[in-house]
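The values are calculated or read from the model by the stated rules, or taken from the named source; none is laboratory data. Predicted model only: the values in this text are computed from it and were never measured. Cβ placement follows ideal geometry from the backbone for every residue including glycine, while neighbour counts extend to all protein chains displayed.
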Amino acid sequence: MVHPKLKDMKLDLIVDLFAGIVFIPVIVTSIALFLLPDGKHSGLATLFGVDKVVWTNIHTVTGFLFIALVVIHLVLHYKYIYAIIKR
């Protein structure tokens, strides 16, 4: 039988690792969207053969996924956060 603390540590590791991996496309798409032009017809602009609409969709989906993982991370560490705030 696996010790409960070890199970918690594995879950923490999985959530943190996944959050780190998901954050990479958020950064890449942020840079791509920064480099692409703004304006009414900017949806036609492309970078590396990918248009701005696709970059925006990837950025939005990975951004929301990252936010969800951060919320899960905070929920998993609520006791520690509460103890720090309580001081």
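When the residues of the stretch 33-69 are narrowed to those that are of a type in the set (Val, Ile, Thr) and surrounded by fewer than 15 Cβ atoms within 10 Å (Cβ to Cβ), which ends up modelled with the lowest pLDDT?
Looking at the filtered set, the residue picked out is Thr46.
Considering the stretch 16-30 alone, what residues qualify as being of a type in the set (A, V, I, L, M), surrounded by 15 or more Cβ atoms within 10 Å (Cβ to Cβ) and farther than 20 Å from Val50 by Cβ?
Result: Ala19, single match.
Return the pair list, or none, for Cβ contacts closer than 7 Å from residues in the stretch 49-66 that are charged (D, E, K, R) to residues that are assigned to a helix (DSSP H, G or I), at least 6 apart or on different chains.
Asp51/Gly43; Asp51/Leu44; Lys52/Ser42; Lys52/Gly43
Where residues in the stretch 32-81 are assigned to a helix (DSSP H, G or I) and in contact with a Lys or Arg (Cβ under 6 Å, 6 or more places away or on another chain), which of them is nearest to Leu13 (Cα to Cα)?
Gly43
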